[in-house]
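Asks: Here it is, the structure, as structure tokens.
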Amino acid sequence: MGLDYDYRIYIKKENLKRALKLIYERSDKKRVSFEIINEELYRIHNYANGQTSKTLLENFGINQKIDTCILVDEDNKIIEYHLYDLTQSYQPNSVDESDFIDYYKTTDNKWWIGNVEIYINDYSSKMENCIELQFWAVTSSMSRLFANSTSIDKYFKELCSATEADYGCIYMEDSGYKLIWAKGKEYNLTVPILWSHFEEYGFIKVISDILKI
């Protein structure tokens, strides 16, 4: 069984549309699977023949899933992440492999990471008027990257700030949680706990009560 890490951001319901617009703006447009048209959220379906279709998501996608490829600054962990696949099947003088790294870079020297699955969860049963955005790493190697990349950490902290998030954290299974944001302030606080201990109340509720934040 692989690793399944995810970032979690907790925002007010009225900020959901702004949050998804910001995520879209900071995504690789060729690989994002949603779009906001006339203030409505649509899922984009891409087919092998190059055709696309769009499905309207009711209630602005709450309790549904969309996908994206986030754009982040360069750091060593991101380079290592992309180098891994290349080194596993390296063949000298391969044209494809010589262009491999450039494939993951944009013209403004950003790197795209994806696909990242975004779950839009109604969290109001635990926090009034709250939406939980979960950003799931789809592979174990991406999970490790989520936990170790300073650029990805920066991306989510900036997203918390721009969306006026109440809280933000990364869930790392047996390694616990790392709190990255709370009430307008950055954190780097790892709490080595299991989710099962906090299912009744939720991690954010427990940590905010204990730390008074």
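The values are calculated or read from the model by the stated rules, or taken from the named source; none is laboratory data. Worth saying up front: this structure is predicted, and the values here are computed from it rather than measured. Cβ placement follows ideal geometry from the backbone for every residue including glycine, while neighbour counts extend to all protein chains displayed. Note: accessible area is taken over every heavy atom of the protein model, side chains too, but ligands, DNA and RNA are not part of it. Shrake-Rupley method; radii C 1.70, N 1.55, O 1.52, S 1.80 Å.
Asks: Once you put a point 7 Å from the Cα of Gln51 and another 7 Å from the Cα of Thr190, both along the Cβ direction, what distance in nm separates them?
Replies: Once both label points are built, they end up 4.9 nm from each other.
Asks: Related question: Once you have the Cα-Cα distance between Thr107 and Lys126, take 0.36 nm times their residue separation minus that, and quote the gain in nm to one decimal.
Replies: On the way: separation 19, 0.36 × 19 = 6.84 nm, distance 4.22 nm.
Full extension of this stretch gives 2.6 nm more.
Asks: Compute the signed sum of charges (Lys and Arg +1, Asp and Glu -1) over the other residues within less than 11 Å, Cβ to Cβ, of Leu16. Spell out each step's value before the answer.
Replies: Working: positive: Lys12, Lys13, Lys17, Arg18, Lys21; negative: Glu14, Asp122, Glu132.
Value of the local net charge: +2.
Asks: Helix-derived [θ] at 222 nm for the chain: sum -39500 (n - 2.57) over DSSP H runs of at least 4, divide by residue count, nearest 500? Please list the in-between numbers first.
Replies: On the way: 7 runs with 62 residues, N = 213.
Calculated at 222 nm, the ellipticity per residue is -8000 deg cm²/dmol.
Asks: Rounded to the nearest 0.05, what FRET efficiency do Asn76 and Gln134 have when you use their Cβ-Cβ distance and R0 = 35 Å? Intermediate values should be presented prior to the final figure.
Replies: Details: r = 27 Å, r/R0 = 0.76.
Rounded to the nearest 0.05, the efficiency is 0.85.
Asks: Using a 1.4 angstrom probe on heavy atoms only, work out the carbon and sulfur share of the accessible area of the chain in %. If you can, show how the numbers build up before the last one.
Replies: Values: 5310 of 11350 Å².
About 47 percent, which is the carbon plus sulfur part of the accessible surface.
Asks: Per residue, what accessible area does the chain have, given a 1.4 Å probe and all protein chains present, in Å²? Please report the intermediate quantities before stating the final value.
Replies: Details: 11350 Å² over 213 residues.
Per-residue accessible area for the chain comes out at 53 Å².
Asks: Still on this model: How long is the gain from Ile213 to Ile37 if the chain were fully straight, where each residue apart is worth 0.36 nm and the alpha carbon distance is subtracted? Walk me through the numbers before you get to the answer.
Replies: Details: separation 176, 0.36 × 176 = 63.36 nm, distance 3.66 nm.
Stretched out fully, the Ile213 to Ile37 stretch lengthens by 59.7 nm.
Asks: Using a Förster distance of 30 Å, how high is the FRET efficiency between Leu86 and Glu25, based on the Cβ-Cβ distance and rounded to 0.05?
Replies: Values: r = 29 Å, r/R0 = 0.98.
The pair Leu86/Glu25 has a calculated efficiency of 0.55.
Asks: Starting with the highest mean, order 131-137, 12-18 by the number of other Cβ atoms within 10 Å, averaged over the residues of each peptide.
Replies: Numbers: 131-137: 21.6, 12-18: 15.1.
Listed from highest to lowest mean packing, they are 131-137, 12-18.
Asks: Moving on. Rounded, prolate or oblate: which fits the stretch 2-73 when a ≥ b ≥ c are the square roots of the eigenvalues of the alpha-carbon gyration tensor, with rounded for a/c under 1.5 and prolate only if a/b beats b/c?
Replies: On the way: a/c = 1.56, a/b = 1.13, b/c = 1.37.
Oblate is the answer for the stretch 2-73, as a/c is 1.5 or above yet b/c matches or exceeds a/b.
Asks: If the reach is capped at under 26 angstrom between alpha carbons, list the lysines near Lys54, excluding any in the same chain fewer than eight residues apart.
Replies: Lys13, Lys17, Lys21, Lys29, Lys30, Lys65
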